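The structure appears right after this line, and notes come after that.
Read-outs throughout are calculated quantities, based only on the coordinates presented, and are distinct from any laboratory measurement. Computed from a predicted structure; not experimentally measured. Glycine gets a Cβ as well: all are built from the backbone with ideal geometry, and neighbour counts include every protein chain shown.
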Amino acid sequence: MRIGLISDTHGLWRPEASRFLEGCSLIVHAGDIGSRAVLEALRGLAPLCAVRGNNDDWAGAIPETQSVEVGGVGLYVVHDCNQLRAAPAGARVLIVGHSHRPAIERRDGMLLINPGSAGPRRFKLPVAAGEIVIGRGVLEVRIVDLLSGSALPGLSATWALGRGEMQAR
């Protein structure tokens with residue numbers, strides 16, 4: 001099962017994002033969507049789980065947080081991890097945006113993933129998106145530079161799923 005991760009599009013829909021997210025079972029947008037057109041493009045590719053970001057005043061119907069279980073793995077989505085009070089029981093992966101900085105790290109017993117920004121380039125940060133692949137007791141995550149199609153150095157990980165927690169492999 002392949003889950004596409006995208007954030008901080010700020011109303012800019014790139015053809016590179018369409019190509020990267022094509023074939024996903026689910027797409028997660030971690031906020032600062034920017035426009036309904038971005039949501040429509042995403043929904044045309046796969047089922048969508050999206051949260052509202054701090055620049056999404058227009059999107060009052062979109063929740064600030066979402067929980068979803070995929071392939072037996074609990075995902076919790078919030079735009080700004082600094083706004084997180086507590087993740088729901090069973091959440092093992094926290095997906096965030098806001099900083100525009102791609103990241104994969106362990107935090108408070110969870111795997112935190114920030115796919116970076118797929119919208120307008122900010123400073124010298126990459127234009128990026130990510131993916132989670134779940135299968136055969138393993139969760140693999142990677143973040144790619146959308147413009148080159150290459151995995152970003154140091155931003156991929158494999159985790160063995162088992163006994164209620166993830167262990168790095």
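For segment 14-46, the candidate set comprises residues that are of a type in the set (Asp, Glu) and touching a residue at least 12 places away in the same chain (Cβ under 8 Å); within that set, the residue that is surrounded by the fewest Cβ atoms within 10 Å (Cβ to Cβ) is 22. Of the numbered criteria (1) out of contact with any Asp or Glu (no Cβ under 9 Å at 6 or more places or on another chain); (2) touching a residue at least 12 places away in the same chain (Cβ under 8 Å); (3) among the basic types (Lys, Arg), the one residue 124 fails is (2).
Take the conditions surrounded by fewer than 22 Cβ atoms within 10 Å (Cβ to Cβ) and in contact with a strand residue (DSSP E or B) (Cβ under 8 Å, 6 or more places away or on another chain) and apply them to residue 96. Does it pass? When the stated conditions are applied, residue 96 does not pass them. Scanning segment 99-125 for residues that are out of contact with any Ser or Thr (no Cβ under 8 Å at 6 or more places or on another chain), of a type in the set (A, V, I, L, M, F, W, C) and surrounded by 14 or more Cβ atoms within 10 Å (Cβ to Cβ) turns up 103, 110, 111, 112, 113.
Report whether or not residue 129 is part of a loop (DSSP other than H, G, I, E, B) and either surrounded by 20 or more Cβ atoms within 10 Å (Cβ to Cβ) or on the phi > 0 side of the Ramachandran plot (or both).
On the way: part of a loop (DSSP other than H, G, I, E, B): no; either surrounded by 20 or more Cβ atoms within 10 Å (Cβ to Cβ) or on the phi > 0 side of the Ramachandran plot (or both): yes.
In short, no.
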